[in-house]
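S.K.: One structure follows; several queries about it will come next.
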Ligand code: HPA
């Protein structure tokens, strides 16, 4: 087997090109980026709003999941410049890790300091119901880690430091934002799976016993890479379905996930507005 030399510039150079392409289409220079998962619709009325589709950004990989628009909205919220990424790239679409983290590498090139990530997730915890918002305070990374991912993370972090913990200071800001906005916020451990199929009952019983509270197919690869690049990252899940009732999970569909996420968007909007004020 030939070992391919992985070099950070192979990620950074395309991200620089994409940044130049994006910045030639907008005058906004965001300090915060927000990634929206399936169905989540928030920050729809930014001041000085501009929209750049992913496909107009040189080198941006093609996004394809339903419920994801595939564009960046840039604008100002109370004077703070923000970029909202509508839609992400998933491993289950066949993307290599470098594509999945491309938007994150681009945010780093753009000079973003903090990233707020959101996703739609299934509830494992018995007290969770559809519509609940959960602050991800820990995670179980249950996706296969490819050679490429391991190589790049080790270039940034070293071989012994590839773990990832959420930043306690940002978690505290998220809790305070929930208090400021009077939005109920749970806190839980996210199990990150490859997907795209939903889980079997046996798997869900396993994840419950492992300490998982919510389950989904995204976010963690980007969050790990964001932290490796020195960015602040804080993640929220919207519970779109419960998984402990066998019948409920059997009936879960992507359409249901998108619909419930849309219904929770108003509360998530309030919460993230309060968080932006604290960042
Ligand atoms: N499982 C995995 N991913 C998900 C789910 C689920 O039940 N709901 C939304 N994303």
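Read the figures in this text as sums done on the coordinates, not as results from a lab. For clarity, every value in this text was computed on a predicted model and none was experimentally measured. As a convention, Cβ positions derive from the backbone with ideal geometry for all residues, glycine included, and neighbour counts pool all protein chains shown.
S.K.: Consider a paramagnetic label point 7 Å from the Cα of residue 6 along Cα→Cβ; state which residues of segment 202-242 have an amide N under 18 Å from it.
M.R.: Within reach of a label on residue 6, which here means backbone N under 18 Å from a point 7 Å along Cα→Cβ, segment 202-242 contributes 219-231.
S.K.: Using only DSSP helix segments of four residues or longer, with each worth -39500 (n - 2.57), what per-residue ellipticity at 222 nm results for the chain after dividing by its residue count and rounding to 500?
M.R.: -11000 deg cm²/dmol
S.K.: Here's another thing I want to ask about it. Calculate the spin-label point distance for residue 256 paired with residue 113, positioning each point 7 Å from the Cα along the beta-carbon direction, and give it in nanometres.
M.R.: Rounded to a tenth, the inter-label distance reads 4.3 nm.
S.K.: Please compute the modelled spin-label separation between residue 58 and residue 163, points set 7 Å along Cα→Cβ, answer in nm with one decimal.
M.R.: Computed distance between label sites residue 163 and residue 58 equals 4.2 nm.
S.K.: Which FRET efficiency value, to the nearest 0.05, is calculated for residue 31 and residue 138 with the Förster distance at 41 angstrom and r the Cβ-Cβ distance?
M.R.: Computed FRET efficiency for residue 31 and residue 138 comes out at 0.95.
S.K.: Give the order of 252, 105 when sorted by the count of other beta carbons within 10 angstrom, beginning with the fewest.
M.R.: Listed from fewest to most nearby Cβ atoms, that is 252, 105.
S.K.: A follow-up question, please. By count of other Cβ within 10 Å, fewest leading, how are 210, 107, 117 ordered?
M.R.: By the 10 Å Cβ count, ascending, the order reads 210, 117, 107.
S.K.: Gain in length, residue 197 to residue 50, computed as 0.36 nm per residue apart minus the alpha-carbon separation, to one decimal in nm?
M.R.: 49.4 nm
S.K.: Tell me, what is the percent relative contact order of segment 9-278, built from C-alpha pairs under 8 Å that lie six or more residues apart?
M.R.: Result for segment 9-278 is 26 percent.
S.K.: Over segment 55-181, what relative contact order in percent results from Cα pairs under 8 Å that are six or more residues apart?
M.R.: Once divided by the residue count of segment 55-181, the mean separation gives 15 percent.
S.K.: Using the beta-carbon distance between residue 179 and residue 21 and R0 = 41 Å, what value does 1/(1 + (r/R0)^6) give for FRET efficiency, to the nearest 0.05?
M.R.: The formula returns an efficiency of 0.55 here.
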